Amino acid sequence: MPLTFGSVEDRTVRWPDSSPPAPVADILPSLTLTKRRLKQLELIQLVREQREARKQELAFNARPFVLCGLPLRPLPREQLLYKRRNGNFFLHIVGHPDFGLPFGQDRLIPIWVATLALRQKNRTVHFDSAAQMLEFFRLAKDGRYYRRMVQGFQRIFASTIFFGTEDQPGGSHLIDWARFHFIDEIHLWFTENGKSPSFSVHDRSNTITLSEAFYTEIDQHRIPVEREIVIALANSPGVLDFYIWIAWRSWVLKSGNIRVPVFSPGGLKDQLGCQVHAEDRFLRRKINQWLRVIRAHWPHCPAEISTDGQSLIISSSKPSPALHPV
């Protein structure tokens with residue numbers, strides 16, 4: 001497991017696996033080394049080097065989006081309600097008619113804002129430029145990415161989230177719901193080309209105030225992720241969601257392993273942000289593709305599809321006490 005779920009001030013992440021991973025050059029030997037592929041291999045090498053040196057930098061995600069993924073692709077303009085379920089947990093997002101529902105790389109915005117809020121220890125975060133989010137994820141600061149970021153902020157700001165659980169303890173029906181906006185107030189300077197406007201520093205101060213409910217959620221349920229892996233997977237939102245979910249699920253598992261159903265109600269099919277194909281084999285193929293990408297960055301990823309193809313088996317990633325005495 002690549003992460004220690006601890007204080008935000010402690011940026012050092014413990015990596016318990018002792019066996020050395022395969023060389024990066026052996027991961028995808030048949031690749032033509034285009035610039036894009038070369039960058040992918042360089043990121044994989046960087047992730048492994050940082051983990052070996054125990055110098056990973058942390059980012060943080062919000063629990064609702066770890067348990068249930070946001071849409072991977074834009075939904076029809078007229079669709080303003082999005083639902084996902086993870087066992088007894090559910091996620092409902094209501095979009096604004098002018099902006100629609102969040103999707104794709106919009107999921108990077110809550111990660112960036114949550115990371116800033118926990119680092120600054122305040123639900124009102126301050127920063128110099130909106131383009132800093134692109135720098136944080138090492139995305140190109142060109143017009144295309146900048147416009148996408150602006151539109152993403154609009155979709156996130158205008159959406160309402162319902163997150164909670166429905167259970168029947170002792171035969172009684174318990175409903176525990178939370179409803180909140182992501183952000184209470186936003187004050188950002190945007191320009192067409194991403195450059196800072198020609199005002200004084202004081203006049204163009206940028207602030208985002210998270211809603212109290214959302215800040216409380218990310219503060220009480222901190223889910224750290226390796227920033228470099230988030231950067232590496234920023235253009236693959238489905239794989240990014242799957243990596244974060246496996247990392248969190250394997251760490252909270254104290255020992256042994258669990259089987260997560262793929263196709264039954266409340267299983268992976270209902271959690272993922274992708275549209276599910278009518279035939280099960282397509283979903284299994286997609287999950288196996290994602291696992292291959294994740295293992296390139298995390299060779300000891302403790303997850304695999306069961307032999308019958310009906311479950312995802314996740315093992316605990318916590319180190320053995322015998323190997324790591326207190």
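The values are calculated or read from the model by the stated rules, or taken from the named source; none is laboratory data. Because the structure is a prediction, the values reported are computed rather than measured. Neighbour counts run over all protein chains shown; Cβ positions are idealised from the backbone, glycine included.
Could you give every pair whose Cβ atoms fall below 6 Å, whose first residue belongs to segment 106-134 and is in a helix (DSSP H, G or I), and whose second residue is surrounded by fewer than 20 Cβ atoms within 10 Å (Cβ to Cβ) and of a type in the set (S, T, Y), counting only separations of at least 6 or pairs across chains?
L134/Y145
What about G309, is it farther than 30 Å from R36 by Cα, outside the structural domain of G87 (by TED's automatic domain parsing), in contact with a Pro (Cβ under 7 Å, 6 or more places away or on another chain) and at pLDDT below 90?
Taking the combined requirement at face value, the residue does not satisfy it.
Return only the number of the condition from (1) touching a Cys at 6+ places or on another chain (Cβ under 6 Å); (2) over 19 Å from F137 (Cα atoms); (3) of a type in the set (A, V, I, L, M) that L72 does not satisfy.
In the conditions (1) touching a Cys at 6+ places or on another chain (Cβ under 6 Å); (2) over 19 Å from F137 (Cα atoms); (3) of a type in the set (A, V, I, L, M), L72 misses (2) alone.
Looking only at residues that are among the small types (G, A, S) and assigned to a helix (DSSP H, G or I) in segment 206-251, which one is surrounded by the fewest Cβ atoms within 10 Å (Cβ to Cβ)?
Taking the candidates together, the pick is A213.
Would you confirm, using the coordinates I've provided, whether I44 is under 18 Å from the mean Cα position of the chain (by Cα) and assigned by TED's automatic domain parsing to the domain that holds R249?
yes
If you take the residues of segment 49-78 that are charged (D, E, K, R) and out of contact with any Phe, Trp or Tyr (no Cβ under 9 Å at 6 or more places or on another chain), which of them is farthest from G95 (Cα to Cα)?
Residue satisfying both the conditions and the ranking: E49.
Only residues in segment 238-250 that are in the same structural domain as G69 (by TED's automatic domain parsing) count as the first member; pair them with residues that are part of a helix (DSSP H, G or I), Cβ under 8 angstrom, at least 6 apart or cross-chain, and list the lot.
Going by the 8 Å Cβ cut-off, there are no qualifying pairs.
Among all residue pairs at least 6 apart or on different chains, which show Cβ distances below 8 Å where the first residue, located in segment 36-47, is touching a residue at least 12 places away in the same chain (Cβ under 8 Å) and the second is surrounded by 12 or more Cβ atoms within 10 Å (Cβ to Cβ) and of a type in the set (D, E)?
Cβ pairs passing all conditions: L43/E228; L46/E228; V47/E226; V47/E228.
Determine whether segment 279-297 contains at least one residue that is over 23 Å from R37 (Cβ atoms), touching a helix residue (DSSP H, G or I) at 6+ places or on another chain (Cβ under 6 Å) and not hydroxyl-bearing (S, T, Y).
No - not one qualifying residue is present in segment 279-297.
How about segment 89-105: which of its residues are part of a loop (DSSP other than H, G, I, E, B) and touching a residue at least 24 places away in the same chain (Cβ under 8 Å)?
G95, D98, F99, L101, P102, F103
Looking at R63, R51, which one is surrounded by 19 or more Cβ atoms within 10 Å (Cβ to Cβ) and of a type in the set (K, R)?
Sole residue among the options that is surrounded by 19 or more Cβ atoms within 10 Å (Cβ to Cβ) and of a type in the set (K, R): R51.
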